[in-house]
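Step one of this worksheet: look at the structure below.
Taken together, the values in this text are just the output of simple stated rules run on the coordinates, not laboratory data. These numbers come from a predicted model, not from an experiment. Counting neighbours? That spans all protein chains shown, and the Cβs are built from the backbone with ideal geometry, glycine included.
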2 protein chains.
Amino acid sequence: MARVRKTVTIRDVAEEAGVSLQTVSRVVNGGPNVRPQLRDKVQAAIDRLGYVPSLAAQRMSGSRSYIILAINDRERTLADWRERRGTDWVDQMLLGGILTCSKHGYRMMVELVDTHSDHVERELGAALSALQPDGVILTPPHSENRLITELLAERRIPFARIGSDAPGPGIPLTMGDEGAAHLATTRLAELGHRNIAMIAGPSAYSLSGWRIEGWRRALAERGLPHEGLLEVGDFGYESGTRAARALLDRNPDCTAIIASSDQMALAALEVARDRGLSVPHDLSLISFDNTPIVRFSQPPLTAIDQPIAETVSRAVEQLIARTPSEGAAAVIEVAATLVERSSTAPAPDRA
Amino acid sequence: MARVRKTVTIRDVAEEAGVSLQTVSRVVNGGPNVRPQLRDKVQAAIDRLGYVPSLAAQRMSGSRSYIILAINDRERTLADWRERRGTDWVDQMLLGGILTCSKHGYRMMVELVDTHSDHVERELGAALSALQPDGVILTPPHSENRLITELLAERRIPFARIGSDAPGPGIPLTMGDEGAAHLATTRLAELGHRNIAMIAGPSAYSLSGWRIEGWRRALAERGLPHEGLLEVGDFGYESGTRAARALLDRNPDCTAIIASSDQMALAALEVARDRGLSVPHDLSLISFDNTPIVRFSQPPLTAIDQPIAETVSRAVEQLIARTPSEGAAAVIEVAATLVERSSTAPAPDRA
DNA sequence: ACAAGTCTTGAGAACGCTCTCAAGATCGGT
DNA sequence: ACCGATCTTGAGAGCGTTCTCAAGACTTGT
């Protein structure tokens with residue numbers, strides 16, 4: 001491959017191959033109706049020159065921008081990040097997206113948007129105008145933000161809503177939260193636990209509700225109680241501490257807790273330790289997320305693995321396929337799985 | 001702000017304000033020589049229409065692309081990510097970069113490149129041609145990859161080399177590895193440890209060497225031994241297990257270990273536990289990285305905090321300032337700090 | 001062998017922006 | 001007031017690509 005001094009343009013290739021710009025463009029984009037012989041000749045010139053089309057120019061000429069924009073909550077992301085909180089949400093999502101994007105010749109960009117501000121519309125609008133992405137991926141808690149979904153629908157930009165199953169524009173994807181909570185609860189019930197508590201996430205997240213539902217359903221199926229066994233946190237460590245304390249104070253018989261985030265679970269673990277409760281001997285713990293921090297705690301936590309990367313990957317594929325997003329797309333569900341480690345054990349005997 | 005149906009272009013603004021395109025462009029780019037009165041009028045039109053210049057078009061017209069490209073090692077990143085290994089390198093780097101970029105109106109993109117393949121040049125070349133970034137950030141182990149740095153220099157794209165202090169094109173930035181290792185070692189020596197071991201990283205990373213140097217220097221300053229106290233790992237958990245075992249087998253008197261990554265340190269912690277050694281009572285541990293996993297282990301680990309975000313942020317700023325990268329830039333060093341937790345204690349008495 | 005397609009190729013405009021350069025307006029010094 | 005210098009504004013070209021549309025080369029059916 002020849003060393004390149006100046007940017008190689010489609011014009012250089014056309015000249016090199018002795019054809020018109022249009023023909024080169026056709027070859028590059030795999031267009032039909034090009035004689036095989038000519039196609040080879042052009043391809044050879046492309047390889048020889050190391051030509052790669054400029055994204056900017058492609059975008060300019062009215063075709064796609066080949067960019068997928070992923071929207072994250074700025075506030076939360078930054079807090080997690082600055083304090084090294086241990087959420088690998090961005091990691092998972094970005095890498096899951098990047099991989100799938102690049103497989104299709106797309107690129108992924110991350111945008112942090114502040115949900116609470118009333119600038120949302122402006123911030124997002126600016127990003128959309130500047131980037132003109134071919135698709136947008138919304139993550140909780142943006143997924144069901146009216147302002148955002150409407151803006152996107154209005155601009156006719158295909159978008160995916162992760163963690164939302166509501167009808168409306170955009171492709172909805174969920175990670176099976178109801179089922180996962182049901183699974184975790186059932187697993188604990190099978191181990192003999194009868195007072196299974198839940199530390200839920202904030203109600204602004206739909207998935208918080210789904211998880212509560214799954215937990216309730218499993219409990220109801222077995223005639224187990226749920227009164228007084230629910231606490232709400234904000235996914236953060238401190239809120240987990242508060243919730244676990246309240247739960248344990250109120251329910252001396254509680255032998256199992258499901259936490260809606262790894263951090264809250266770790267906080268519960270700490271609370272248990274403080275009170276001389278052994279995990280899993282006296283108290284079983286299951287967390288949601290399965291981020292890396294949960295593998296190295298003592299004991300390592302049993303956790304529901306949220307298939308973030310896989311979900312984002314699916315979202316990207318949907319967007320690239322450009323499903324005619326109009327007409328209520330069916331909800332895509334990527335199932336979460338239970339990763340058993342050492343924080344769960346049969347309920348202690350105390351007949 | 002008016003609801004936008006079609007993309008607002010600079011032309012719309014010009015019309016709205018009754019001026020020429022050029023004038024709008026000047027106002028947008030803060031150009032000089034525009035009468036305040038006119039400037040206000042144009043600005044009003046911009047706000048009214050919600051105009052935001054298209055990145056693609058800006059790039060096309062020969063100005064900057066407003067894109068900074070961050071290059072990461074594909075293999076390593078993907079392994080870490082798939083197995084949820086707990087490196088928050090990408091997170092830190094991306095977010096540190098995004099924040100600083102957006103502060104200056106730039107965007108950051110992440111590219112995963114495979115160092116080992118001989119396609120490096122092609123892969124990277126393609127990314128550069130497609131994106132035409134205004135600057136590139138190289139992370140270890142790419143920072144000193146000749147093929148890459150030469151390609152970048154040749155294309156006259158300003159770039160930063162993180163974790164490299166070698167002379168040559170590109171802005172070198174380091175995180176004070178030598179000093180950090182020296183600091184950690186000294187701290188342990190002050191606690192009375194006399195046999196302080198190090199589990200280093202692979203030699204392909206310059207920082208591995210720097211850390212060894214810092215450790216050696218601190219040891220030498222106090223007349224402490226280093227023979228047989230060095231093991232090399234690959235930053236991964238398993239290699240840490242191997243190294244810790246070898247170290248402890250060979251040096252029964254070893255009471256402190258510095259590991260060149262959190263995962264290797266956690267592995268050492270596990271090895272200690274297996275052998276009935278209490279951390280920090282029998283064995284002190286200090287790790288490099290300070291990723292979130294290290295806060296929730298038992299005990300939480302004392303660690304050298306690598307200021308990745310800050311470093312990337314500095315790199316971005318340098319690139320945007322477009323220092324005439326020619327002419328050996330001075331090495332920029334962002335100092336690492338020691339975060340003391342509970343894995344370090346005075347050396348056990350065994351006179 | 002001829003009209004009526006179908007393939008293949010190319011010419012030229014268009015995308016939204018910034019650059020260069022020139023023209024008109026304003027200013028300062030004598 | 002007058003002339004050159006400086007400010008302010010605008011017209012037009014050009015960036016690298018794809019789109020539309022038309023022209024020429026080949027087929028095919030009768």
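Quick notes on this one:
- Note on A:ARG82/A:GLU123: beta-carbon distance plugged into 1/(1 + (r/R0)^6) with R0 of 25 Å gives a FRET efficiency of 0.80.
- Sequentially through segment A:162-169, phi angles give Karplus couplings (6.51, -1.76, 1.60; θ = phi - 60°) of 8, x, 8, 10, 5, x, x, x Hz, Gly and Pro residues having no value and appearing as x.
- Across the identical copies, how the B:ARG156 labels are spaced - nm, sorted shortest first, 7 Å along Cα→Cβ: 4.0
- Given +1 at the Cβ of Lys and Arg, -1 at the Cβ of Asp and Glu and no other charges, the dipole of the protein assembly as shown around its Cα centre is 2020 debye to the nearest 20.
- Teacher prompt: A:ALA57 distances to equivalent labels in other copies, 7 Å Cα→Cβ, nm: 1.9
- Proximal aspartates and glutamates to B:LYS41, defined as alpha-carbon separation beneath 16 angstrom and excluding residues fewer than eight positions away on the same chain: B:ASP12, B:GLU15, B:GLU16
- Distance between the modelled labels on B:ALA220 and A:ALA44, one decimal in nanometres: 6.1 nm (7 Å Cα→Cβ projection).
- With a 10 Å cut-off around each Cβ of A:290-300, the average count of Cβ atoms from other chains is 6.
- Given R0 = 45 Å, the distance between the Cβ atoms of A:GLU340 and A:ARG156 translates into a calculated FRET efficiency of 0.50.
- Placing a label point 7 Å from Cα along the Cα-to-Cβ direction at B:GLN43 gives distances to the equivalent points in the other copies of 5.6 nm, listed shortest first.
- Of the residues B:PRO158, B:VAL120, B:LEU147, the one whose Cα sits farthest toward the positive end of the charge dipole of segment B:106-164, with +1 on the Cβ of Lys and Arg and -1 on the Cβ of Asp and Glu, is B:PRO158.
- Among the residues of B:80-90, the average count of other protein chain beta-carbon atoms within 10 Å of the residue beta-carbon is 6.
- Alpha-carbon spread of the protein assembly as shown, three principal axes, descending order, Å: 80, 68, 61
- Between the C-alpha center of segment A:282-305 and that of segment A:36-58 there is a gap of 51 Å.
- Cβ-Cβ FRET estimate between A:ASN251 and B:GLU317, R0 fixed at 45 Å, reported to 0.05: 0.25
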